[in-house]
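*Asks:* Below: one structure in structure tokens.
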Amino acid sequence: MGVLSDLEPARVFYYFEEICKIPHGSYHERAISDYLTDFAKEHGFQVYQDHLYNVVMLVPASDGYEQEEPVILQGHMDMVCEKSADASIDMEKEGLTLMVEGDYVSAKDTTLGGDDGIALAYMLAIAESKDIAHPPLELVFTVSEEVGMEGASGINLSMLKGHRMLNLDSEEEGVFLSSCAGGLSTCSRLPVEWEKSPEVLWYEISVSGLLGGHSGCEIDKGRANANKILGRILYELKCRVHFYLTGIEGGKKENAIPLQASAVLGMTEEEAITAKETVKELNEVLKVEYGRSDAGITLGMKSLPLEKAGGQGKEAVPQKVLQRRQVLDRVSLSKVITLLMTLPDGVQGMSMSVPGLVETSLNLGIMRLTEECLIMQHAVRSSVTTKKHYVAAQVESLVSELGGKVERKGEYPAWEYKEESVVRPKIISLYEKMYGKEAVVEGIHAGLECGLLAGKIKDLDCIAMGPDILDIHTTAERLSISSTKRVYEFLLAFLRQK
């Protein structure tokens, strides 16, 4: 018996649980792609699997619907893999541990992957059924959506005949999306120089207790970015004490607001007293500044354990620092702190045409210090292409001024609102008929694959929809059971229409 075996719709949750057993983080989709391909072959469906591991599955119409125009259903295979700091799971090799609490399904200590595993589950449950009425279905499963939409960019859809599409990658029931922001990623590399470590004590500075979240959907909530907060700590410390920096890291996904960040610093015992007081004072300041968005924000400074060196009774630096007894020279340290303090982050502009909608933003999602350079990765989003390029240029200008270089990658277009639509009025009418209230049709600041796919399918007419999924891209992610059922029933009703 599966953890979700008592939930309805039974086959949807059966497939969702099967999907959760298969590791399927971005760039690790081969196993889930093979699972989908095997499913198609077992059911006798025509199936295409490309070199990127995208999958296209063609499902014949049910009786009486053979002459209807095909409907495309689309979702992505990959999930954002985040886990709590003390979790031991290897998300590249192990499946998720699912939990049910009240109306929600979640995963122990990790993201759930409801974004977009529930889309796959919906499609498989419909495809296998002998009782569901539907036109010919063209099921499109893409890879690497969460890291730049590389699957949608590279997929071949020449075998499709349909021009109506339901993208199943939205996370709010009753809200149907008709446009989205475009985006790109930047990878900045700031070269650094090292010098020999002096005889100092070693401390770890940490930022934790943040909510994080999706860098598109939650960017307007003002949540703290752990990488930027760490830069602020280092700046405050630089103003008060003399310290050495030997390590820094934060965040795991460029499109997830980072939950935690840390740095390893060396300083004298006397300076450590002032540093601890500085961290404590700043912690109180930030608890006020982020009291409504990140009430649990916690700054820490702890001594790293010292070990005996060479059996001579002398204290030495910790083993993890001993392996590279180097610290940044003063010029490199100054550049790193300057960059972290001044890089733009968060909302950069609101839409002038859609009240309340973020127009332009960026998120410093990944930061790490290597032997050669400080690496920083941003997710840049905007519904205005020129603004997207302008923000990327701001990053490039600052990084290059400090001696670094920036690479742009993974650019995808905005999905523009389509004035003439067949799908949208059908969706609105059906929703009002089934639930007695108006459907909400709006744009979203997060990126969807619809813009890229519209460039591959002439006159594509589409809407994005999905059940309620809360706190996606965080370990608090949870999928509403009741909403999953309602959205599935709505999807089936839409497909029954002639």
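The values are calculated or read from the model by the stated rules, or taken from the named source; none is laboratory data. Small disclaimer: the values here were computed from a predicted structure and weren't measured. Using ideal geometry, Cβ is built from the backbone for each residue, glycine included, and neighbour counts are taken over all protein chains shown. These area figures cover heavy atoms from the full protein model, side chains too; ligands, DNA and RNA do not enter into them. Shrake-Rupley method; radii C 1.70, N 1.55, O 1.52, S 1.80 Å.
*Asks:* When we measure straight from the Cα of Lys93, which lysines land under 27 angstrom away, once same-chain ones fewer than 8 places off are left out?
*Replies:* Candidates past the 8-residue exclusion: Lys21, Lys41, Lys83, Lys108, Lys252, Lys253, Lys320.
*Asks:* May I pose another question? Heads up, I need the accessible area for Val147: 1.4 angstrom probe, whole protein in place, Å², nearest 10.
*Replies:* 30
*Asks:* Can you show me the helix-derived [θ] at 222 nm for the chain, built from DSSP H runs with n ≥ 4 at -39,500 (n - 2.57) apiece and divided by the number of residues, rounded to the nearest 500. Working shown, then result.
*Replies:* Details: 12 runs with 148 residues, N = 498.
About -9500 deg cm²/dmol.
*Asks:* For the range 1-119, what is the largest minus smallest coordinate of the Cα atoms on each principal axis, given in angstrom and ordered from greatest to least?
*Replies:* 54, 36, 22
*Asks:* Tabulate in residue order the Karplus-calculated ³J(HN,Hα) for the range 89-97, using 6.51 cos²θ - 1.76 cosθ + 1.60 with θ = phi - 60°, rounded to whole Hz; enter x for Gly and Pro.
*Replies:* Each residue's phi maps through the Karplus curve to give 4, 9, 6, 7, 10, 10, x, 7, 9 Hz.
*Asks:* Between Glu94 and Lys433, what FRET efficiency comes out of the Förster formula 1/(1 + (r/R0)^6) with R0 = 45 Å and r the beta carbon distance, rounded to 0.05?
*Replies:* Values: r = 44 Å, r/R0 = 0.98.
So the FRET efficiency works out to roughly 0.55.
*Asks:* Given a Förster radius of 30 Å and the C-beta distance between Lys41 and Lys108 as r, what FRET efficiency does 1/(1 + (r/R0)^6) yield to the nearest 0.05? Before the final figure, lay out each step's value.
*Replies:* On the way: r = 33 Å, r/R0 = 1.10.
Efficiency, rounded to the nearest 0.05: 0.35.
*Asks:* Further question on the same structure: Tell me, what % of the accessible area of the chain is carbon and sulfur with a 1.4 angstrom probe?
*Replies:* Details: 10390 of 21470 Å².
After summing per-atom areas, the C and S share lands at 48 percent.
*Asks:* Between Tyr65, Gly75, Gly25, whose Cα lies farthest towards the positive end of the dipole of the range 1-152 when Lys and Arg beta carbons carry +1 and Asp and Glu beta carbons carry -1, centred on the Cα centre?
*Replies:* Selected residue: Gly25.
*Asks:* Which net charge results when you count Lys and Arg as +1 and Asp and Glu as -1 among the other residues whose beta-carbon is under 14 Å from that of Lys280?
*Replies:* Numbers: positive: Arg240, Lys276, Lys287, Lys302; negative: Glu236, Glu277, Glu281, Glu284.
My count for the surroundings of Lys280 gives 0.
*Asks:* Hey, what do the phi angles of the range 116-131 turn into as Karplus ³J(HN,Hα) couplings, whole Hz, using 6.51/-1.76/1.60 and θ = phi - 60°, x for Gly and Pro?
*Replies:* For the range 116-131, the Karplus curve yields 10, x, 5, 5, 4, 5, 4, 5, 5, 5, 5, 4, 7, 6, 9, 10 Hz.
*Asks:* Shifting gears a bit: Enumerate the calculated ³J(HN,Hα) couplings along the range 178-184 in order (Karplus 6.51 cos²θ - 1.76 cosθ + 1.60, θ = phi - 60°), each rounded to whole Hz, writing x wherever the residue is Gly or Pro.
*Replies:* 10, 6, 8, 6, x, x, 7
*Asks:* Net charge near Asp461, counting Lys/Arg +1 and Asp/Glu -1 over other residues with Cβ under 9 Å of its Cβ? Present the calculation step by step, with values, prior to reporting the outcome.
*Replies:* Working: positive: Arg164, Lys418, Arg424; negative: Glu420, Asp459.
With Lys, Arg at +1 and Asp, Glu at -1, the neighbours total +1.
*Asks:* Let me ask something else about it. In debye to the nearest 20, how big a dipole does the chain give about its Cα centre with +1 on each Lys and Arg Cβ and -1 on each Asp and Glu Cβ? Spell out each step's value before the answer.
*Replies:* Numbers: 51 positive and 75 negative charges, 208 e Å.
In total the dipole reaches around 1000 debye.
*Asks:* What does the charge add up to near His389, with Lys and Arg as +1, Asp and Glu as -1, over the other residues with Cβ less than 15 Å from its Cβ? Write down the numbers at each step before the final one.
*Replies:* Values: positive: Arg381, Lys387, Lys388, Arg408, Lys409; negative: Glu359, Glu396, Glu407, Glu411.
In short, +1.
*Asks:* Take the Cα pairs of the range 369-469, get the Kirkwood Rh, then feed it into Stokes-Einstein at 20 °C and 1.002 mPa s and tell me D in µm²/s. Numbers along the way, then the final one.
*Replies:* Numbers: Rh = 17.1 Å.
Calculated translational D: 126 µm²/s.
*Asks:* Taking the alpha-carbon distance from Lys418 and a cut-off under 16 Å, which aspartates and glutamates remain once sequence neighbours fewer than 8 residues away in the same chain are dropped?
*Replies:* Filter leaves Glu442, Glu449, Asp459, Asp461.
*Asks:* Moving on. So with the 1.4 Å probe, I'd like the accessible area per residue for the chain, rounded to whole Å².
*Replies:* Heavy-atom SASA per residue in the chain reads 43 Å².
*Asks:* Something else now. Compute from the Cα atoms of the chain the Rg and the Dmax, the latter being the longest Cα-Cα distance, and quote both in angstrom.
*Replies:* 24.8, 86
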